[in-house]
Amino acid sequence: MSKLDEVKEILNTLRVAMTIGFGLLVVIVGGLIKRYDDQIIDTLFWSGVGFAVLTLTVIVLLMTSISKKTKEIKEL
């Protein structure tokens, strides 16, 4: 496998991981909104908020990695 193919495969994997992260974030935020509307603000709600922030951080890190791999492809 050439270096270009290897970088492309890593890039595709990162894109899939980012897509899964966005889907997870949508589900979490939807659950948080439902709990907020039902006025159930408890430990589970705040844990969900923390997990949503963590998910956003992971998505930003994935986007940074995707950007680096895209620039790496341009150099090859």
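The values are calculated or read from the model by the stated rules, or taken from the named source; none is laboratory data. Model, not experiment: these values are computed from the prediction. Cβ coordinates were reconstructed from backbone atoms using ideal geometry, including for glycine residues, and neighbour counts include every protein chain displayed. When the accessible area is computed, the model is the full protein with side chains, heavy atoms only, and any ligands, DNA or RNA have been set aside. Shrake-Rupley method; radii C 1.70, N 1.55, O 1.52, S 1.80 Å.
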message: Under 6 Å between Cβ atoms, which residue pairs at least 6 apart in sequence (or on different chains) link something in segment 56-76 that is over 23 Å from L24 (Cβ atoms) and in contact (Cβ under 8 Å) with a residue 60 or more places away in the chain with a partner that is open to solvent by 50 Å² or more (accessible area, probe 1.4 Å) and part of a helix (DSSP H, G or I)?
response: L76/L4
statement: Note on segment 1-49: residues under 14 Å from the mean Cα position of the chain (by Cα) and either among the charged types (D, E, K, R) or farther than 30 Å from E75 by Cα (or both) are R15, G23, L24, L25, V26, V27, I28, V29
- request: Return a yes/no flag: does segment 10-21 have any residue that is open to solvent by less than 90 Å² (accessible area, probe 1.4 Å) and not in a helix (DSSP H, G or I).
  value: no
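Yes/no per residue for (1) open to solvent by less than 50 Å² (accessible area, probe 1.4 Å); (2) in a helix (DSSP H, G or I):
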{"residue": "M1", "(1), (2)": "no, no"}
{"residue": "L4", "(1), (2)": "no, yes"}
{"residue": "K8", "(1), (2)": "no, yes"}
{"residue": "V29", "(1), (2)": "no, yes"}
{"residue": "I41", "(1), (2)": "no, no"}
{"residue": "S47", "(1), (2)": "no, yes"}
{"residue": "A52", "(1), (2)": "yes, yes"}
